[in-house]
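A.B. asks: Sharing a structure here in structure tokens format.
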Amino acid sequence: LRLPTEDLLTRGADSRTVTSDGTMNRYGCSPAPREAVPFGSCTASSPLPEVFDAAVDLHIRLQRAARQDTVDEVIEEALAHVIRRLRHHLRLDRVPGIEIALTPSGTDAEYLATLLSLGDRRRDLTNIVVGPREVGSGSEFAAAGRHFDDRTPHGRPCVAGAPLNEEVTRRVSVRTIQLRGENGRVREPEELDGIIDGLTEAAIADGRRVLLHIVAHSNTGVHAPRLQLARRLERQHPGQVDVVIDAAQGRISRRGLQEALRAGWLVLFTGSKFYGGPPFSSALLMPRVWNPEYRRMQPIPHEFGDYFSRMEFPQSWAGHVDRLAPRFNLGLLLRWTSAVQALQAYYSVPGEARLAVLRRFEEYVPRALMESAYLELDSVKPVLFPAGAERLLESKTTVFPFRVRVGNAAQGTFLQKDPLRQVARWLNRDLSSSAPEADAATRQGLQLSYHIGQPVFDGDLEHAAVLRLALGAALVTSVGADRHWGSTLADRLAWLERQVDGAVAKLEWIAANYP
């Protein structure tokens, strides 16, 4: 508790939270507020000041409690407060019986989904992971009950790919389905349905259970497979197919969230990414039918204590978490305290203003990218589905992937993943000293920092990676309600357009001067 708050916010997670230069992690964001336009919410975000201050306030309370020997009471109260506010802001009480387990990251939550689906472990499990390249690099390992990093949240060194528990890993078979073909284009729904149908039939014929993942927004904005497929598979194979919604991006409407929970599906949710809480703050939302007693789930093996402790689970899980340590994850508690403040800030903005910001971003960003000679907008499928179709997502497109061309603007080469990572770093810091001969307006533009989504593989063998401009709650909150950026909403929407233009202009300067 003597450490700075920004240090504690990185504790109790894996190596992805480590800040390499003392200020930013590998995703280009900081646990504390920083001066950068936040276009990187599809990866992670630096928190708004009011979001960070919520963690600072709890940190101060804990320091006082330590002097009075009441730390345990304050922690229990703070955890209960986080759960209450999460229920309130997401309107979870509209679906009776929902339970919540807090997890260090969305990847860690995968372990819980797998253990719950295994249940009493009388039958083996086929875990169908859709779009592993676009939902997180460790998702495939975690789905198999294997370590996905070289460090666990509780600090123990480990080997990525090694089983946490031999029996669990032996009983789980992972099948992955890429969302894109070799040409980089998103596969058609019918093609995905056919692949999943075949894997499901084969698994059940082999006497196995199936856990099907539905991606409710990948890193590049893809949503798949269709909900109709999941419902059909449940009807055809009653009691043999489980469904988990991967909503780790947070880009899911509250109505869609409630519909998924009413259907009896698990939902993997985060308060970071879209909502702008500190990375990593995740949770598994569980309908009543997923209670461990109902599932006859065996106690969680003690090896999973490197990832979870008893205090992060509902009280009804007593007896199923006894093999885990009673310790608490202080970093996770502080991150979620910030994250629920971020949710509150976002939903405090009137709905009409939130919609106006979402619409303006969706309309303006593709136009700005398509007018550039150095940037090429990747294919983005619209979020709105045909009339009568069901959807789980926010009603607007908020992530726009694009490629970067260097050299000759018309015939130059597209940058691959590692060079794009460097481009993202350049965009995120002051480059004015790199252009001593440029005019004053150019140097002023190069001074500004823009945090964008880190490069991800899009499946295209020729153009193998994209960067992303994303809208998150931090920008929606600022543009929707913060008069610092303009006295009227129209003024603030114009300010948002200027930030997009500034990021595009700086990217174009980097591309033109790349050599």
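The values are calculated or read from the model by the stated rules, or taken from the named source; none is laboratory data. Remember, predicted model here, so these are calculated numbers, not experimental data. Ideal geometry is used to build each Cβ from the backbone, glycine not excepted, and the neighbour counts take in all protein chains shown. Ligands, DNA and RNA are excluded from the accessible area calculation, which covers all protein heavy atoms including side chains. Shrake-Rupley method; radii C 1.70, N 1.55, O 1.52, S 1.80 Å.
A.B. asks: For segment 98-119, indicate whether the set of residues that are more than 30 Å from Asp482 (Cα to Cα), more than 20 Å from the chain's Cα centre (by Cα), of a type outside the set (Asp, Glu) and open to solvent by 20 Å² or more (accessible area, probe 1.4 Å) is non-empty.
C.D. replies: No, segment 98-119 has no match at all.
A.B. asks: Are any of the residues in segment 244-251 outside any helix (DSSP H, G or I), hydrophobic (A, V, I, L, M, F, W, C) and more than 22 Å from Phe280 (Cβ to Cβ)? So that I can check it myself, show each step before the final result.
C.D. replies: First pass over segment 244-251, keeping only residues outside any helix (DSSP H, G or I): 244-251.
Imposing the further condition that a residue be hydrophobic (A, V, I, L, M, F, W, C) reduces the set to 244-245, 247-248.
Adding the requirement that they be more than 22 Å from Phe280 (Cβ to Cβ) leaves none.
Taking every residue of segment 244-251 in turn, none turns out to be outside any helix (DSSP H, G or I), hydrophobic (A, V, I, L, M, F, W, C) and more than 22 Å from Phe280 (Cβ to Cβ).
A.B. asks: Pull out all pairs, ordered by first then second residue, where Cβ-Cβ is under 6 Å, the residues are six or more apart or on different chains, the first lies in segment 315-333 and is of a type in the set (D, E, K, R), and the second is not in a loop (DSSP other than H, G, I, E, B).
C.D. replies: Cβ pairs passing all conditions: Arg323/His302.
A.B. asks: Another question, if that's okay. For segment 6-31: of the residues being hydrophobic (A, V, I, L, M, F, W, C) and open to solvent by 20 Å² or more (accessible area, probe 1.4 Å), which is modelled with the highest pLDDT?
C.D. replies: Our first condition is that a residue be hydrophobic (A, V, I, L, M, F, W, C); within segment 6-31, this holds for 8-9, 13, 18, 24, 29.
From what is left, the residues that are open to solvent by 20 Å² or more (accessible area, probe 1.4 Å) are 18, 24.
On the way: Val18: 66, Met24: 80.
Among those that are hydrophobic (A, V, I, L, M, F, W, C) and open to solvent by 20 Å² or more (accessible area, probe 1.4 Å), it is Met24.
A.B. asks: Taking segment 125-142 on its own, how many of its residues are over 17 Å from Pro225 (Cα atoms) and hydrophobic (A, V, I, L, M, F, W, C)?
C.D. replies: 3
A.B. asks: Here is a check on your reading of the model: is Phe280 in a loop (DSSP other than H, G, I, E, B), of a type outside the set (Ser, Thr, Tyr) and under 20 Å from the mean Cα position of the chain (by Cα)? It would help to see each step written out before you state the result.
C.D. replies: Details: in a loop (DSSP other than H, G, I, E, B): yes; of a type outside the set (Ser, Thr, Tyr): yes; under 20 Å from the mean Cα position of the chain (by Cα): yes.
It is true that Phe280 is in a loop (DSSP other than H, G, I, E, B), of a type outside the set (Ser, Thr, Tyr) and under 20 Å from the mean Cα position of the chain (by Cα).
A.B. asks: Something else now. When the residues of segment 463-476 are narrowed to those that are open to solvent by 10 Å² or more (accessible area, probe 1.4 Å) and touching an Asp or Glu at 6+ places or on another chain (Cβ under 9 Å), which ends up nearest to Glu371 (Cα to Cα)? Break it down stepwise before answering.
C.D. replies: Within segment 463-476, the first condition is being open to solvent by 10 Å² or more (accessible area, probe 1.4 Å), and the residues that meet it are 463-464, 474.
Subset that is touching an Asp or Glu at 6+ places or on another chain (Cβ under 9 Å): 463-464.
Working: His463: 19, Ala464: 22 Å.
For segment 463-476, the residue satisfying everything is His463.
A.B. asks: A follow-up question, please. Filter segment 8-25 down to the residues that are at negative phi and free of Cβ contacts under 8 Å to residues at least 24 places away in the same chain, then identify the one that is farthest from the chain's Cα centre (by Cα).
C.D. replies: So the first thing to find is which residues in segment 8-25 are at negative phi, and the list is 8-11, 13-21, 23-25.
Subsequent filtering for residues that are free of Cβ contacts under 8 Å to residues at least 24 places away in the same chain retains 18-21, 23.
Details: Val18: 17, Thr19: 19, Ser20: 21, Asp21: 23, Thr23: 21 Å.
Filtering segment 8-25 for residues that are at negative phi and free of Cβ contacts under 8 Å to residues at least 24 places away in the same chain, the one farthest from the chain's Cα centre (by Cα) comes out as Asp21.
A.B. asks: Here is a follow-up. Looking for something more than 14 Å from Leu475 (Cα to Cα), of a type in the set (A, V, I, L, M) and part of a loop (DSSP other than H, G, I, E, B) - is there at least one such residue anywhere in segment 39-57? Reasoning before the result, please.
C.D. replies: Kept after step one, since they are more than 14 Å from Leu475 (Cα to Cα), are these residues of segment 39-57: 43, 52-57.
The next check asks that each one be of a type in the set (A, V, I, L, M); those that pass are 54-56.
Filter once more, so that each one left must be part of a loop (DSSP other than H, G, I, E, B): none.
The answer is no, given that none of the residues of segment 39-57 is more than 14 Å from Leu475 (Cα to Cα), of a type in the set (A, V, I, L, M) and part of a loop (DSSP other than H, G, I, E, B).
A.B. asks: OK, next. Scan segment 300-320 for residues that are open to solvent by 40 Å² or more (accessible area, probe 1.4 Å), farther than 16 Å from Thr169 by Cα and not in a loop (DSSP other than H, G, I, E, B) and jot them down.
C.D. replies: Within segment 300-320, Arg310, Met311, Gln315, Ser316 qualify.
A.B. asks: Something else now. Six or more apart or on different chains, Cβ atoms under 7 Å: show the pairs whose first residue is in segment 249-277 and of a type in the set (Lys, Arg) and whose second is surrounded by fewer than 24 Cβ atoms within 10 Å (Cβ to Cβ) and modelled with pLDDT under 90.
C.D. replies: Arg251/Leu393; Arg251/Glu394
A.B. asks: Oh, and also: Looking at (1) part of a helix (DSSP H, G or I); (2) surrounded by fewer than 24 Cβ atoms within 10 Å (Cβ to Cβ), which is the one condition that is false for Val365?
C.D. replies: (2) is the only condition that Val365 fails.
A.B. asks: So for segment 460-470 (the condition being in a helix (DSSP H, G or I) and either closer than 28 Å to Ser379 by Cα or among the small types (Gly, Ala, Ser) (or both)), does at least one residue qualify? Talk me through it step by step, then tell me what you get.
C.D. replies: Quick first cut of segment 460-470, residues in a helix (DSSP H, G or I) only: none.
There is no residue in segment 460-470 that is in a helix (DSSP H, G or I) and either closer than 28 Å to Ser379 by Cα or among the small types (Gly, Ala, Ser) (or both).
A.B. asks: Suppose we keep only residues that are without any contact (Cβ under 8 Å) to a residue 40 or more places away in the chain and within 16 Å of Trp509 (Cβ to Cβ) within segment 420-437. Which one would you say is most open to solvent (accessible area, probe 1.4 Å)? Let's see the steps before the verdict.
C.D. replies: Restricting attention to segment 420-437, the residues satisfying the condition of being without any contact (Cβ under 8 Å) to a residue 40 or more places away in the chain are 421-422, 429-430, 432-433, 436-437.
From what is left, the residues that are within 16 Å of Trp509 (Cβ to Cβ) are 422, 429-430, 432-433, 436-437.
Values: Gln422: 55, Arg429: 113, Asp430: 73, Ser432: 24, Ser433: 101, Pro436: 105, Glu437: 179 Å².
Here the residue is Glu437.
A.B. asks: Here is a list of conditions, (1) assigned to a loop (DSSP other than H, G, I, E, B); (2) on the phi < 0 side of the Ramachandran plot, and Glu234 meets all of them except one; can you say which number that is?
C.D. replies: It is condition (1) that Glu234 fails.
Yes/no per residue for (1) under 14 Å from Asp306 (Cα atoms); (2) in contact with a Leu (Cβ under 9 Å, 6 or more places away or on another chain); (3) open to solvent by less than 30 Å² (accessible area, probe 1.4 Å):
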residue	(1), (2), (3)
His154	yes, no, no
Pro157	yes, no, no
Ala160	yes, no, no
Leu164	yes, no, yes
Arg171	no, yes, no
Ile177	no, yes, yes
Val186	no, yes, yes
Glu190	no, no, no
Gly194	no, no, no
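A.B. asks: With the structure loaded, tell me whether Arg85 is under 20 Å from the mean Cα position of the chain (by Cα) and surrounded by fewer than 24 Cβ atoms within 10 Å (Cβ to Cβ) or whether it fails that test. Break it down stepwise before answering.
C.D. replies: Values: under 20 Å from the mean Cα position of the chain (by Cα): yes; surrounded by fewer than 24 Cβ atoms within 10 Å (Cβ to Cβ): yes.
For Arg85, the condition - under 20 Å from the mean Cα position of the chain (by Cα) and surrounded by fewer than 24 Cβ atoms within 10 Å (Cβ to Cβ) - is met.
A.B. asks: If you don't mind, another one. For the subset of segment 242-295 comprising residues that are polar (S, T, N, Q) and open to solvent by 10 Å² or more (accessible area, probe 1.4 Å), which member is nearest to Arg231 (Cα to Cα)? Working first, answer last.
C.D. replies: In the first step, residues of segment 242-295 are kept if they are polar (S, T, N, Q); the result is 249, 253, 258, 270, 272, 281-282, 291.
The next check asks that each one be open to solvent by 10 Å² or more (accessible area, probe 1.4 Å); those that pass are 253, 258, 291.
Working: Ser253: 20, Gln258: 16, Asn291: 21 Å.
Checked segment 242-295; the qualifying residue nearest to Arg231 (Cα to Cα) is Gln258.
A.B. asks: Here's a follow-up. Taking the conditions exactly as written (in contact with a helix residue (DSSP H, G or I) (Cβ under 6 Å, 6 or more places away or on another chain), surrounded by 14 or more Cβ atoms within 10 Å (Cβ to Cβ), of a type in the set (A, V, I, L, M, F, W, C) and not in a helix (DSSP H, G or I)), does Leu446 satisfy them or not?
C.D. replies: Working: in contact with a helix residue (DSSP H, G or I) (Cβ under 6 Å, 6 or more places away or on another chain): yes; surrounded by 14 or more Cβ atoms within 10 Å (Cβ to Cβ): yes; of a type in the set (A, V, I, L, M, F, W, C): yes; not in a helix (DSSP H, G or I): no.
When the stated conditions are applied, Leu446 does not pass them.
A.B. asks: So Ala65 fits all but one of (1) free of Cβ contacts under 8 Å to residues at least 24 places away in the same chain; (2) in a helix (DSSP H, G or I); (3) under 18 Å from Val340 (Cβ atoms); what number is the exception?
C.D. replies: For Ala65, the exception is condition (3).
A.B. asks: I'm checking my understanding of the structure. Among residues of segment 482-502 that are among the aliphatic types (A, V, I, L, M) and closer than 13 Å to Ala353 by Cβ, which one is surrounded by the most Cβ atoms within 10 Å (Cβ to Cβ)? Show your work before the answer.
C.D. replies: Filtering segment 482-502 for residues among the aliphatic types (A, V, I, L, M) gives 489-490, 493-494, 496, 500.
With the extra rule that they be closer than 13 Å to Ala353 by Cβ, the set shrinks to 489-490, 493, 496.
On the way: Leu489: 18, Ala490: 11, Leu493: 20, Leu496: 22.
Here the answer is Leu496.
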